[in-house]
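Notes for the one structure printed next.
The values are calculated or read from the model by the stated rules, or taken from the named source; none is laboratory data. Remember, it's a predicted structure, so these values are computed and weren't measured experimentally. Don't worry about glycine lacking a Cβ; one is built from the backbone with ideal geometry, like all the others, and counts go over all protein chains shown. We work out accessible area using only protein heavy atoms, side chains counted, and drop any ligands, DNA or RNA first. Shrake-Rupley method; radii C 1.70, N 1.55, O 1.52, S 1.80 Å.
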Amino acid sequence: MALSSSVPADMKACKSFLQRAEELDRASDPNAKVVAYHCRQYAMELGIALRDRAADAEAATAFLLGLMDALEHEKKALGDVSREDGEQIVFQFASDVFARADAEDRARAATKNTARTFYAASVFFDALKQFGERGEEVEEKTRYAKWKATEILKAIKEGREVAPGGPGDEPELPDIPAAHDAIPAGAGPRRQRAPPPASPRRRRPRTTPTRRRPRRRRRPPRAPPPRAYSPPPPPRAAELRAAAAAPGKVPTKAQFDDAIEYCKFAIAACEVKDTALALDRLRGAFTSLS
């Protein structure tokens, strides 16, 4: 059964990402598989954040565990795809989908499918949030794609023509005479009256200055005493043995990426209180770096 059809009501925000991922599963493009994986990965991040507020915690936990298993199998099928490569693939894929919808719209050939394409592009752009800051260009395209999808469907529903482009893309206006050409001959500018002069200030009579009492200086607050230094806890014996077993070994970038993915799964397992699964994923991260 598709995961998008079993999304709990409390995790509705995850559904659009799972739907786009399932659509891409049928594509033959290998990059589409990478985008589908990261759509599910971002759905997992959203689900973890929404789980604490879920009315049915048991259903939310079961859903996240199923999604976690799907991500693990999908990760193995993808092979070695670094985090940076995944981000670039998702960005380029979203940009291509956006450009295709924008070209149809500006060619005055927008349909309901164009609106769906705009919306899909906004979902792929939103999936880039898992990589950090997206930049102003992506933020602007995301807002535009969502607005344009709604605008196209609204125009079709109301039976009116879909206006191509955005609200600022207006057609060229005819030449309008300058303002001085529209003034009839002999009509000069009106003279403006000068503002009335300000009333002079009245001088106050001098009075004998009163003697002020000297202010008492406030003492600065005492600084709190410094905290006692506590040495960091000693490393565990298992960590020392692991460090001694491979002196000078530096994991590759791909191994670090695999360890990061395992740690994400471990955190997700901790969120759903699954101790055995969390320990298993942490062992996977340890194996990737050893």
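Here are some notes:
- Test: Ala54 is in contact with a helix residue (DSSP H, G or I) (Cβ under 6 Å, 6 or more places away or on another chain), in a loop (DSSP other than H, G, I, E, B), open to solvent by less than 40 Å² (accessible area, probe 1.4 Å) and closer than 30 Å to Lys154 by Cβ: no
- For segment 95-146, a residue qualifies if it is within 14 Å of the chain's Cα centre (by Cα) and over 24 Å from Ala49 (Cα atoms), and the qualifying residues are Glu136, Glu137, Glu140, Lys141.
- The set of residues in segment 92-129 that are among the acidic types (Asp, Glu) and open to solvent by less than 50 Å² (accessible area, probe 1.4 Å) comprises Asp102, Asp105, Asp126.
- Evaluating Ala120 against the criteria (1) assigned to a loop (DSSP other than H, G, I, E, B); (2) touching a helix residue (DSSP H, G or I) at 6+ places or on another chain (Cβ under 9 Å) leaves one unmet condition, (1).
- All positions within segment 65-91 that are of a type in the set (Gly, Ala, Ser) and open to solvent by 50 Å² or more (accessible area, probe 1.4 Å): Ala77
- Those residues of segment 26-48 which are without any contact (Cβ under 8 Å) to a residue 60 or more places away in the chain, assigned to a helix (DSSP H, G or I) and open to solvent by 60 Å² or more (accessible area, probe 1.4 Å), in sequence order: Pro30, Lys33
- Hey, Ala60 open to solvent by less than 40 Å² (accessible area, probe 1.4 Å), small (Gly, Ala, Ser) and more than 21 Å from Phe131 (Cα to Cα) or not: yes
- Count of segment 75-84 residues, restricted to those that are part of a helix (DSSP H, G or I) and in contact (Cβ under 8 Å) with a residue 40 or more places away in the chain, is 4.
- Residue in segment 67-74 that is touching a helix residue (DSSP H, G or I) at 6+ places or on another chain (Cβ under 7 Å), in a loop (DSSP other than H, G, I, E, B) and in contact (Cβ under 8 Å) with a residue 60 or more places away in the chain present: no
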